[in-house]
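Asks: Take a look at the following structure, please.
The values are calculated or read from the model by the stated rules, or taken from the named source; none is laboratory data. As the structure is a computational prediction, the values presented were derived from the model and not from experiment. Ideal geometry is used to build each Cβ from the backbone, glycine not excepted, and the neighbour counts take in all protein chains shown.
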Amino acid sequence: MNDFVDPAIFRGVMRRWPSGVTVLTSRADDTIHGMTVSAFSSVSAEPPLVLVCANRQSTTHEVIEAGGVFAVNILDAAQEAISTRFSIVPGPDRFEGVAWTAGSTGAPLIDGALAQLECRVRSAHLEGTHTIYIGEVLAGSFRPDGEPLLYFDGSYRVLDTP
Ligand SMILES: Cc1cc2nc3c(=O)[nH]c(=O)nc-3n(C[C@H](O)[C@H](O)[C@H](O)COP(=O)(O)O)c2cc1C
């Protein structure tokens, strides 16, 4: 018997969950790729670990599998267009017109992001349609100023600060 929650209720509940927006990037040899990801969380401070959830049908998943590294770019409120780009523009053109530099792992760090983490895959857990990657954080940087891009109820938001 399938006693799982009604999918419409599940979607409705998850739409009530506000999140930040990241671009998850990776590199394997000469191939770079990235996609918009909201499923990102801190896991542990000692050692420093984070998690991201990547759909196994995504190209980004393929590149992380091959390269074993990823970077998390936490987007600034001014980067909505980058979030849209990294969720819809087809593969090879995704970085066109986007300024970035290669971090210590080679994964792209996007200019203007609010904060960035560079990670090596520690473990990968297959669940449902996604892989949960646990990353060991090798390096990070952040801007003390700026505001985050947010996602809530299916649309982008910014903080309503005075
Ligand atoms: C706000 C937002 C959040 C998203 N979060 C995730 C996520 O956490 N994990 C995921 O696999 N896809 C997520 N996606 C979908 C991917 O960005 C999208 O499927 C992308 O086109 C995959 O690119 P790729 O196949 O070229 O790697 C999100 C999309 C948006 C707009």
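Asks: Just one of Thr25, Thr36 is part of a strand (DSSP E or B) and within 19 Å of Asp153 (Cα to Cα); which is it?
Replies: Just one listed residue meets the conditions, Thr36.
Asks: Any residue at all in region 20-32 that is closer than 18 Å to Thr129 by Cβ, of a type in the set (Lys, Arg) and modelled with pLDDT of 95 or more?
Replies: no
Asks: Condition (residue is within 16 Å of the ligand (Cβ to nearest atom), within 15 Å of Ser26 (Cβ to Cβ) and surrounded by 12 or more Cβ atoms within 10 Å (Cβ to Cβ)) applied to region 149-162: is it met by at least one residue?
Replies: The answer is no, given that none of the residues of region 149-162 is within 16 Å of the ligand (Cβ to nearest atom), within 15 Å of Ser26 (Cβ to Cβ) and surrounded by 12 or more Cβ atoms within 10 Å (Cβ to Cβ).
Asks: So for region 84-92 (the condition being under 23 Å from Ile134 (Cα atoms) and under 12 Å from the mean Cα position of the chain (by Cα)), does at least one residue qualify?
Replies: yes
Asks: If I ask for residues that are out of contact with any helix residue (DSSP H, G or I) (no Cβ under 8 Å at 6 or more places or on another chain), among the charged types (D, E, K, R) and touching a residue at least 12 places away in the same chain (Cβ under 8 Å), which ones from region 139-162 would you list?
Replies: Passing the criteria: Arg143, Arg157.
Conditions (1) surrounded by 23 or more Cβ atoms within 10 Å (Cβ to Cβ); (2) assigned to a helix (DSSP H, G or I); (3) within 15 Å of the chain's Cα centre (by Cα), marked per residue:
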{"residue": "Asp3", "(1), (2), (3)": "no, no, no"}
{"residue": "Phe10", "(1), (2), (3)": "no, yes, no"}
{"residue": "Ser41", "(1), (2), (3)": "no, no, yes"}
{"residue": "Leu51", "(1), (2), (3)": "no, no, yes"}
{"residue": "Ile64", "(1), (2), (3)": "yes, yes, yes"}
{"residue": "Phe70", "(1), (2), (3)": "yes, no, yes"}
{"residue": "Ile82", "(1), (2), (3)": "yes, yes, yes"}
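Asks: Please work out which residue is nearest to Ala115 (Cα to Cα), limiting yourself to region 44-75 and to residues that are small (Gly, Ala, Ser) and near the ligand (Cβ under 8 Å from one of its atoms).
Replies: Filtering first and then ranking leaves Ala54.
Asks: Could you list, ordered by first residue, the pairs with Cβ atoms under 7 Å in which the first is in region 48-61 and under 20 Å from Gly91 (Cα atoms) and the second is at pLDDT below 95 and near the ligand (Cβ under 6 Å from one of its atoms), at least 6 apart or interchain?
Replies: Sorted first by the residue in region 48-61, then by its partner, the pairs are Thr59/Gly91.
Asks: Okay, next question. Please state which one of Thr36, Thr25 is crowded, with 16+ Cβ neighbours inside 10 Å, touching a Pro at 6+ places or on another chain (Cβ under 7 Å) and not acidic (Asp, Glu).
Replies: Of Thr36, Thr25, the one residue that is crowded, with 16+ Cβ neighbours inside 10 Å, touching a Pro at 6+ places or on another chain (Cβ under 7 Å) and not acidic (Asp, Glu) is Thr25.
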